[in-house]
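A short worksheet on the structure shown next.
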């Protein structure tokens, strides 16, 4: 991708300039310059802040820049705040401090959006409607209300133009990702564009409230016979992509520990109920709440909790579940080779991974965490350490596994709100037994063998057809073999640059020779006795020559860096 003139192709040039200025302000001038949207003269005066660079660490400056860039970038930073497999630990830790600082928008706008979505006015649906929102988030605002039939509900109404703003910022993030991939991440096995693509998928799901409503319904169905878990009901007749009406859960948020103590509830017991409910989501349902922080779990009474806010959920497929089982089993048996083999099956090992060093680091983690008493193991720290190892060894872990690890770390922190001594290892024996049962369940094994046999037979049947197809292509000379050579694009770019410079050099030389011949022939009007056409030719050649020299020097300086 050519960087020069990049900004001219962007729709929202003003936003690009704003981002470039903020990058420079916080000491990331290299990226700001690559965006090439501030113009040559403005860029000359645009300098990174030396004061901020001296006063704050790199991680702090990244966090401050993201907060200033607004909701989309804050959401992106929050999602990256557990990605120890992609970013250095200091940056990940700092991103966890990101706060959603969003102002409330006007109630009249909320009412207008509600009417546009449902064709009904607020007072036609609600007997009571609190005008002051319960919460103002980056995507929408949450209100409290009472339906005409007397049922208490909460109402989510999306912010005006939020989809347009987020999509515009995602487009910017994609192009920044391309710049990073092209200029700052030559040897990285991870592509910034792929990370942005993953974020884009996640946040666009959050922009559709029907997705959250469907998730909530799925959880409600999964826990319908569980006396310890309550999931709110969705009112589909009043739910659209931009409006969500759901049952109001009257309880105490886990984050409000003082109220829980005043109610006289057994906090240790509640922590156990929450952890077991979460593990049931993983093992039994294959669908888990991916953001179980203290504000998203309500205490109904001493024997019941409720999960709320299902905007982000994770799915456990067989490969991920098998890896968790292998990790636990191999940890107890100190079988590092089995863990590495499982990582290979997940296609997590890349060409950059040094297997010898990876096994050494895994051996250290296993010995450190599995040698301590079971009640002393901190699952959050253990999984964070595994993600750090993934980063150091360029492992490509599946998105759902990352979501799961993030959720486990979060639920352990939530449990500590109720019980400071809590950690997931308190129920690890039960987890291990359940996982083992799930893996060794005769019905499951028979089903797995049946599926595997059917798939193998299907593939075996297709071999003659595929072979015949290949032979036909060979016979018709239609068989194409594609070879992907690393760095080929860079070589092509360098050749293009060299060709352009050579062409410019020949053009300058031609103009100089032509101008000399014109001056010698004394053709056309004259200036101070010299042919005007020849002088213009020499001037043009001089300007082009200076441009050529500057271009060569800039490339030389870039290569030295």
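The values are calculated or read from the model by the stated rules, or taken from the named source; none is laboratory data. What you are looking at is a predicted structure, and each value in this text was computed from that prediction instead of being measured. Using ideal geometry, Cβ is built from the backbone for each residue, glycine included, and neighbour counts are taken over all protein chains shown.
Observations on the structure shown:
- Here residue 268 fits the description: modelled with pLDDT under 90, surrounded by fewer than 21 Cβ atoms within 10 Å (Cβ to Cβ) and over 26 Å from the mean Cα position of the chain (by Cα).
- Filtered residues of the range 88-122 (kept if within 30 Å of residue 387 (Cβ to Cβ) and outside any loop (DSSP other than H, G, I, E, B)): 89, 90, 91, 92, 93, 94, 95
- Matching residues in the range 123-150 - criterion: being assigned to a loop (DSSP other than H, G, I, E, B) and within 29 Å of the chain's Cα centre (by Cα): 133, 134, 137, 138, 139
- Of the helices (runs of 4 or more DSSP H) lying entirely inside the range 1-87, those containing at least 2 residues that are modelled with pLDDT of 80 or more and within 25 Å of residue 191 (Cβ to Cβ) span 13-25, 58-69, 71-79.
- Residue that is over 46 Å from the mean Cα position of the chain (by Cα), surrounded by fewer than 12 Cβ atoms within 10 Å (Cβ to Cβ) and modelled with pLDDT of 70 or more, where the choices are 518, 543: 543
- Only one of 282, 299 that is in contact with a strand residue (DSSP E or B) (Cβ under 6 Å, 6 or more places away or on another chain), modelled with pLDDT of 90 or more and surrounded by 17 or more Cβ atoms within 10 Å (Cβ to Cβ): 299
- Taken together, the criteria exclude residue 153 from residues that are in contact with a helix residue (DSSP H, G or I) (Cβ under 9 Å, 6 or more places away or on another chain) and in a loop (DSSP other than H, G, I, E, B).
- Test: residue in the range 213-229 that is assigned to a strand (DSSP E or B) and either without any contact (Cβ under 8 Å) to a residue 24 or more places away in the chain or under 24 Å from residue 144 (Cα atoms) (or both): yes
- Scanning the range 228-249 for residues that are over 26 Å from residue 207 (Cα atoms) and surrounded by fewer than 20 Cβ atoms within 10 Å (Cβ to Cβ) yields one hit, 228.
- Of the set (1) at pLDDT below 85; (2) assigned to a helix (DSSP H, G or I); (3) loosely packed, with under 12 Cβ neighbours inside 10 Å, all apply to residue 356 but (1).
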